[in-house]
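Chemist: After the structure tokens below, expect a handful of questions from me.
The values are calculated or read from the model by the stated rules, or taken from the named source; none is laboratory data. Treat the numbers as computed from the prediction; the structure is a model and nothing was measured. Virtual Cβ from ideal backbone geometry, glycine too; neighbours counted across all protein chains shown. For the accessible areas, the whole protein counts, side chains as well, though only heavy atoms, and no ligand, DNA or RNA atoms are used. Shrake-Rupley method; radii C 1.70, N 1.55, O 1.52, S 1.80 Å.
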Amino acid sequence: DYIAQDEQHTTPRAALVYEPVEGSIFKLLYGQAFRVPNSYLKSETIHTYEGVYEQAMGSHLKGSVSGYVYDIKNLINLTTIGGGFGLMNLNRVRGTGVETELRSKWASVAEGYLNYTYQVTKDRATREELSNSPNHLAKAGVVFFLAGESASLGMEGQYVGNRRTVQPGERVGAYIVANMSLTVRNLYKNLEIQSTVFNLFDARFEDPASQVHAPILKIPQNRRNFNVKVTYLY
């Protein structure tokens with residue numbers, strides 16, 4: 001077995017922000033991070049590069065466009081080891097993408113957003129697309145503030161494009177789910193209660209399975225479900 005030597009890492013962050021005119025902002029961002037799971041694996045490291053353009057459009061609307069690249073080294077993978085399964089450092093991965101967003105807010109009445117991302121994530125050695133990595137992601141949502149901002153009602157729709165399974169050539173289909181939540185704040189001092197209905201319209205969808213589940217390639221996900229979260233700060 002490989003036992004990692006003592007590793008030293010830094011996690012630098014850098015940002016260059018330029019505002020040529022009020023309401024128009026350009027950003028160049030760089031970041032580095034790592035994860036050490038245990039003494040038997042090398043640290044998983046990531047370098048991220050991003051360029052962002054933000055534009056205010058009046059007093060209630062803001063838009064942004066960003067392009068990004070991230071490189072991951074020593075990606076931790078679940079793989080077959082001696083007839084069983086175990087974690088190993090296998091991949092070097094590169095992801096590239098473009099993200100666009102529109103966001104609006106009307107004082108203490110409501111806010112909404114629309115977001116779309118196109119991304120490609122591949123193993124740099126094999127040039128193969130990673131499993132469970134969609135090319136297309138989209139979100140749209142609106143939040144209505146009630147009784148000032150002491151309560152809010154939110155709805156969100158999520159779109160996830162089709163994804164590769166661990167079996168080349170096999171994919172799970174794209175899906176759309178909607179969620180709705182009601183949040184009440186300071187009901188009693190610092191008490192907050194949030195109730196959420198996930199998968200509001202009871203959509204059927206699947207996620208790719210890992211190698212552990214072979215020969216199963218797709219796992220059905222939860223249908224409509226409901227939960228309540230209570231938070232008290234003191």
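Chemist: Taking segment 9-54, which residues are surrounded by fewer than 13 Cβ atoms within 10 Å (Cβ to Cβ), at pLDDT 90 or above and under 21 Å from the mean Cα position of the chain (by Cα)?
Modeler: 13
Chemist: Residues to consider are 102, 41; find the one that is closer than 24 Å to residue 10 by Cα, touching a Leu at 6+ places or on another chain (Cβ under 8 Å) and either touching a residue at least 24 places away in the same chain (Cβ under 8 Å) or not basic (Lys, Arg) (or both).
Modeler: 41
Chemist: Restricting to segment 140-159, and then to whatever is open to solvent by 60 Å² or more (accessible area, probe 1.4 Å) and in contact with a Ser or Thr (Cβ under 9 Å, 6 or more places away or on another chain), can you tell me which residue is nearest to residue 179 (Cα to Cα)?
Modeler: Among them, the one singled out is 155.
Chemist: Then there is this: May I ask you to verify whether residue 88 is part of a strand (DSSP E or B) and closer than 21 Å to residue 180 by Cα? First the steps, then the outcome.
Modeler: Working: part of a strand (DSSP E or B): yes; closer than 21 Å to residue 180 by Cα: no.
No: the conditions fail for residue 88.
Chemist: Further, regarding this structure: Return only the number of the condition from (1) assigned to a strand (DSSP E or B); (2) open to solvent by 70 Å² or more (accessible area, probe 1.4 Å) that residue 132 does not satisfy.
Modeler: So the condition that residue 132 fails would be (1).
Chemist: Still on this model: Among the residues of segment 34-52, are any in a strand (DSSP E or B), over 26 Å from residue 123 (Cβ atoms) and not hydroxyl-bearing (Ser, Thr, Tyr)?
Modeler: Yes - at least one qualifying residue is present in segment 34-52.
Chemist: Considering segment 180-189 alone, what residues qualify as being over 21 Å from residue 110 (Cβ atoms) and surrounded by 12 or more Cβ atoms within 10 Å (Cβ to Cβ)?
Modeler: Matches in segment 180-189: 187 only.
Chemist: Okay, moving on. For segment 190-210, indicate whether the set of residues that are among the acidic types (Asp, Glu), surrounded by 14 or more Cβ atoms within 10 Å (Cβ to Cβ) and more than 30 Å from residue 126 (Cβ to Cβ) is non-empty.
Modeler: Checked segment 190-210: at least one residue is among the acidic types (Asp, Glu), surrounded by 14 or more Cβ atoms within 10 Å (Cβ to Cβ) and more than 30 Å from residue 126 (Cβ to Cβ).
Chemist: Next up: So, in segment 67-84, of the ones that are modelled with pLDDT of 90 or more, open to solvent by less than 60 Å² (accessible area, probe 1.4 Å) and of a type outside the set (Gly, Ala, Ser), which residue ends up farthest from residue 167 (Cα to Cα)? Show your work before the answer.
Modeler: To start, the set of residues in segment 67-84 that are modelled with pLDDT of 90 or more comprises 67-73.
Add one more test, that the residue is open to solvent by less than 60 Å² (accessible area, probe 1.4 Å), and what stays is 67-72.
Add one more test, that the residue is of a type outside the set (Gly, Ala, Ser), and what stays is 68-72.
Values: 68: 28, 69: 26, 70: 25, 71: 24, 72: 22 Å.
Among them, the one singled out is 68.
Chemist: Within segment 178-234, work out how many residues are more than 27 Å from residue 131 (Cα to Cα), among the hydroxyl-bearing types (Ser, Thr, Tyr) and in a loop (DSSP other than H, G, I, E, B).
Modeler: Residues flagged as more than 27 Å from residue 131 (Cα to Cα), among the hydroxyl-bearing types (Ser, Thr, Tyr) and in a loop (DSSP other than H, G, I, E, B) within segment 178-234 amount to 2.
Chemist: Please state which one of 188, 118, 159 is without any contact (Cβ under 8 Å) to a residue 24 or more places away in the chain, more than 30 Å from residue 72 (Cα to Cα) and of a type in the set (Ser, Thr, Tyr).
Modeler: On the way: 118 fails: more than 30 Å from residue 72 (Cα to Cα); 159 fails: more than 30 Å from residue 72 (Cα to Cα).
From the options 188, 118, 159, the qualifying one is 188.
Chemist: I'd like to verify a number: residues in segment 160-179 that are of a type in the set (A, V, I, L, M) and surrounded by fewer than 16 Cβ atoms within 10 Å (Cβ to Cβ), how many?
Modeler: Number of matching residues: 2.
Chemist: Taking into account only those residues within segment 140-171 that are of a type in the set (A, V, I, L, M) and modelled with pLDDT of 95 or more, which is farthest from residue 195 (Cα to Cα)?
Modeler: Here the answer is 160.
Chemist: Looking at segment 55-66, which of the residues that are under 20 Å from the mean Cα position of the chain (by Cα) and open to solvent by less than 50 Å² (accessible area, probe 1.4 Å) is farthest from residue 23 (Cα to Cα)?
Modeler: Filtering segment 55-66 for residues under 20 Å from the mean Cα position of the chain (by Cα) gives 63-66.
Keeping just the survivors that are open to solvent by less than 50 Å² (accessible area, probe 1.4 Å) gives 63-64, 66.
Working: 63: 10, 64: 11, 66: 16 Å.
So, considering only residues that are under 20 Å from the mean Cα position of the chain (by Cα) and open to solvent by less than 50 Å² (accessible area, probe 1.4 Å), the one farthest from residue 23 (Cα to Cα) is 66.
Chemist: If residue 116 meets every condition in (1) touching a Phe, Trp or Tyr at 6+ places or on another chain (Cβ under 7 Å); (2) among the hydroxyl-bearing types (Ser, Thr, Tyr); (3) open to solvent by 60 Å² or more (accessible area, probe 1.4 Å) apart from one, which number is that one?
Modeler: It fails just one condition, (1).
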